[in-house]
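The values are calculated or read from the model by the stated rules, or taken from the named source; none is laboratory data. Keep in mind the model is a prediction, meaning the values are calculated, not measured. Note that each Cβ is placed from the backbone with ideal geometry, even for glycine, and that neighbours are counted across all protein chains shown. Calculation scope for accessible area: heavy atoms of the full protein, side chains included, ligands and nucleic acids excluded. Shrake-Rupley method; radii C 1.70, N 1.55, O 1.52, S 1.80 Å.
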Amino acid sequence: MLAMRPYHSPASVLDAAEDCWHKLEETDWLEAFDAHPKIGDPDSLKQKYRDTHSMAKGEQSGVDAASESVIEALADANQQYEGRFGFIFIVCATGKSAAEMLHLLNQRLNNARDQELQIAAAEQLKITLIRLEKLTNPS
């Protein structure tokens, strides 16, 4: 993306990001996933968002109001997911409740790894575009 500068509009930044994302390979996607905190894991959120807290603030706010049982179920399902696929569960959490994310996580546990990698990559792209939108259109 740096080599493609200058960008003439916020939309051109988002278009370039999407174009670049689709040209990446599995190892690149896995690196992006690794930098993402686990859904519903407060320690992971604190550690991985330390430098980007203001930008990422609110992305997993649906977990804030969740019951202890839902948080525990998220933690258990996350562990199963990571064991099955070899990477953390990625979902664009914006606007989703903890129960919705848990439901999606449980549904996606049945996917084949290749299918799940594609879904996770598409979700990570959504997250990336939301964050870039915040950078290019600060309010």
Report task. Could you please find all residues in region 118-139 being open to solvent by 50 Å² or more (accessible area, probe 1.4 Å), farther than 24 Å from residue 25 by Cβ and assigned to a helix (DSSP H, G or I)? Result -> 133, 134, 135
Report task. Please go through region 92-139 and pick out each residue that is under 16 Å from residue 39 (Cα atoms) and small (Gly, Ala, Ser). Result -> 93, 95, 97, 98, 99, 120, 121
**Report entry** Count - residues of region 84-94 that are β-branched (Val, Ile, Thr) and open to solvent by 50 Å² or more (accessible area, probe 1.4 Å)
**Finding:** 1
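Loosely packed, with under 10 Cβ neighbours inside 10 Å and part of a helix (DSSP H, G or I): which single residue out of 3, 17 fits that description? Don't jump to the end; show me each part of the working.
Numbers: 17 fails: loosely packed, with under 10 Cβ neighbours inside 10 Å.
Answer to the check: 3.
Tell me which residues, restricted to region 95-117, are without any contact (Cβ under 8 Å) to a residue 12 or more places away in the chain and either closer than 21 Å to residue 10 by Cβ or surrounded by 14 or more Cβ atoms within 10 Å (Cβ to Cβ) (or both).
Initial filter on region 95-117 (without any contact (Cβ under 8 Å) to a residue 12 or more places away in the chain): 103, 107, 110-112, 114-115.
Selection gives 111 alone.
What number of residues within region 114-124 are closer than 10 Å to residue 85 by Cα and in contact with a Lys or Arg (Cβ under 8 Å, 6 or more places away or on another chain)?
Going residue by residue through region 114-124, those that are closer than 10 Å to residue 85 by Cα are 114, 116-117.
Keeping just the survivors that are in contact with a Lys or Arg (Cβ under 8 Å, 6 or more places away or on another chain) gives 116.
Looking only at that region, the number is 1.
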